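Asker: Take a look at the following structure, please.
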Amino acid sequence: MKLLKIALLLGTAYYLLNSLLYTWLPTNYIFDAKTLNEISNSVISKYDAESETFDVKVMLKDLRDALAKHYGDDYINQWVDEEWVFNNAGGAMGQMIILHASISEYLIIFGSAVGTEGHTGVHFADDHFTILYGEQRASLPYNMEPEIYKPGQTHHLKKGYAKQYSMPSGSFALELAQGWIPAMLPFGFLDTFSSTLDIYTLYRTVYLTARDMIKNLIQNHKF
C-alpha cells in the first residue's frame, strides 16, 4: 500500500509538471532557438575559421556581447575566464561557461578543447545546440548513419529523447535548454560521485548555477 501511495504521488507530480511544461512554464522564457540561431550565424559570418589568425575565443566573446546587446546585460552574464568549468555528464567531458541560468531555461557555451563523446541524457526539457565551431555528430539508437551538425546549424534534442553524440577537438556550441532545469541538474552532477570525484568542479558548478538562478528570480523576477 505504501509503494502504491508513493507511485500515485509521483505520477500526480509528473502529470502536473508535464502540464505546466506546455502551459505556464513557457510564459517565463525570454530566449527562442530561432533568434539564437540568427545571432550565432551573424557572429560566425564575421570570421574566417580557416584563417591562420582565427581565434575561437575571440569569436565566442563576440557572441556573448551580441547576446547581451540583444537581451540585455541583466540576463546575459559577463565573460569571466575563471567561470569556465569542466562538465562531466553521460560519460562525456567538456567545458562550459554559464551565460544564463533560471528555473525554466539555461544558456551556456559548451565545448571541448580535446574532443568528447557520450550520452545526451534524458531530460524534462527541450535542448537546442547551435554549433559555433567544429561539429557535432549524434544518433538515435536505430540510426546507422550519424546526424552531422556544422557551424550555424542547430541540433534540437526533444524532451524525453536520448542520443549518443560526439564533438571533435576544438568544437564549441551555444546550448539553450528550456523546461524544468532543476530536473536536469542530477545528470550533470552524478558523474562526480560515480567516477571523477572532482568535488571542486561540482562546487563551482553548483555555486555558479545557484547564483544565477537566485539572481534571475529575485532581481529579474524570472522563474
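The values are calculated or read from the model by the stated rules, or taken from the named source; none is laboratory data. For clarity, every value in this text was computed on a predicted model and none was experimentally measured. FYI the Cβ positions are ideal-geometry reconstructions off the backbone, even for glycines, and counts take in every protein chain you see.
Asker: Taking helices (runs of 4 or more DSSP H) that do not extend beyond the stretch 1-103, which have at least 1 residues that are more than 19 Å from the chain's Cα centre (by Cα), of a type in the set (Ser, Thr, Tyr) and on the phi < 0 side of the Ramachandran plot?
Answerer: Qualifying helices (runs of 4 or more DSSP H): 2-22, 33-44.
Asker: For the stretch 104-139, which residues satisfy the criterion of being part of a loop (DSSP other than H, G, I, E, B) and either closer than 17 Å to residue 44 by Cα or under 14 Å from the mean Cα position of the chain (by Cα) (or both)? Give the derivation first.
Answerer: Step one: filter the stretch 104-139 for residues part of a loop (DSSP other than H, G, I, E, B), giving 104, 113-115, 120-124, 134-135.
Across the stretch 104-139, the qualifying residues are 104, 120, 121, 122, 123, 124, 134, 135.
Asker: So how many residues does the stretch 147-193 have that are part of a loop (DSSP other than H, G, I, E, B) and among the small types (Gly, Ala, Ser)?
Answerer: Going through the stretch 147-193 one residue at a time, the tally reaches 5.
Asker: Any idea which residue in the stretch 69-110 is farthest from residue 123 (Cα to Cα), counting only those that are touching a helix residue (DSSP H, G or I) at 6+ places or on another chain (Cβ under 8 Å) and of a type in the set (Val, Ile, Thr)?
Answerer: Checking each candidate, the answer is 76.
Asker: Looking only at the stretch 2-43, filter to residues that are within 30 Å of residue 68 (Cα to Cα) and among the aromatic types (Phe, Trp, Tyr); which one of those is surrounded by the most Cβ atoms within 10 Å (Cβ to Cβ)?
Answerer: 31
Asker: I need a count of the residues in the stretch 191-223 that are touching a strand residue (DSSP E or B) at 6+ places or on another chain (Cβ under 8 Å) and either within 19 Å of residue 25 (Cβ to Cβ) or aliphatic (A, V, I, L, M) (or both).
Answerer: Qualifying residue count, the stretch 191-223: 5.
Asker: Related question: Just give me the residues in the stretch 141-189 being touching a residue at least 40 places away in the same chain (Cβ under 8 Å), surrounded by fewer than 16 Cβ atoms within 10 Å (Cβ to Cβ) and not aromatic (Phe, Trp, Tyr), in sequence order.
Answerer: Of everything in the stretch 141-189, those that are touching a residue at least 40 places away in the same chain (Cβ under 8 Å), surrounded by fewer than 16 Cβ atoms within 10 Å (Cβ to Cβ) and not aromatic (Phe, Trp, Tyr) turn out to be 156, 162, 168, 169, 170, 182, 183.
To keep it simple, each residue is scored yes or no on (1) modelled with pLDDT under 95; (2) within 15 Å of the chain's Cα centre (by Cα); (3) not basic (Lys, Arg).
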site	(1), (2), (3)
157	no, yes, yes
187	yes, yes, yes
192	yes, no, yes
203	no, no, yes
209	no, yes, yes
217	yes, no, yes
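Asker: Here's another thing I want to ask about it. Filter the stretch 194-223 down to the residues that are outside any helix (DSSP H, G or I) and among the polar types (S, T, N, Q) and list them by number.
Answerer: 219, 220 - these are the residues of the stretch 194-223 that are outside any helix (DSSP H, G or I) and among the polar types (S, T, N, Q).
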